Amino acid sequence: MDRMTAAYRAGDASACAAMFTSDAQLYSPYAPPALGRQAIEALHREWTRDGVPDKELKVLQAGRSNQTAWTLSSYSEDGGKTRGTSLCVWQREADGNWRIHLCSLNSEVVSP
């Protein structure tokens, strides 16, 4: 998650997408589903085009069994005006790296 945070803050959509498997799925209240790494990169390019210098990602819970893991994380940006949680399912790939295979974002309603 540290690499993802750094990529967001730098506005690096390619590095964000590299955190996902080639056939990953990303579900978000901010956009239609992004299916596959190319679609996920395009979505992150839109989300990070101006950089997100205050992006925060914090793992709240995590678990693992064999080649599959999961993380429940909180996220925030824009001074806390945009925040929520994400639930991701990770897979260990043949190269030994862990990548996100499924991710679902849930936004919190922030009162003015």
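Taken together, the values in this text are just the output of simple stated rules run on the coordinates, not laboratory data. These figures come from a predicted structure and were not determined experimentally. We place every Cβ from the backbone using ideal geometry, glycine too, and count neighbours over all the protein chains shown.
What the table below lists for this structure:
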| read-out | value |
| --- | --- |
| Angle in degrees between helix 37-48 and the longest Cα principal axis of the chain, rounded to the nearest 10 | 20 |
| Karplus-derived HN-Hα couplings along region 53-69 (A = 6.51, B = -1.76, C = 1.60, θ = phi - 60°), whole Hz, x at Gly and Pro | x, 10, 4, 10, 10, 9, 6, 8, 8, 7, x, 8, 8, 6, 9, 10, 9 |
| Lys, Arg +1 and Asp, Glu -1 on Cβ, resulting dipole of region 59-112 about Cα centre, debye, nearest 20 | 120 |
| 222 nm mean residue ellipticity, helices alone, for the chain (DSSP H n ≥ 4; -39,500 (n - 2.57); rounded to 500) | -6500 deg cm²/dmol |
| Cα centre as origin, Lys/Arg/Asp/Glu Cβ charges: the chain dipole, Debye | 180 |
| Shape of region 34-112, Cα gyration tensor, a/c cut at 1.5 | oblate |
| Relative contact order [Cα under 8 Å, 6+ residues apart], the chain, whole percent | 25 |
| Qualifying chymotrypsin sites (Phe, Trp or Tyr not before Pro) for region 5-112 [loop in DSSP, other Cβ within 10 Å: at most 11] | Tyr30 |
| Qualifying trypsin sites (Lys or Arg not before Pro) in region 7-61, DSSP loop, other Cβ atoms within 10 Å at most 11 | Arg49 |
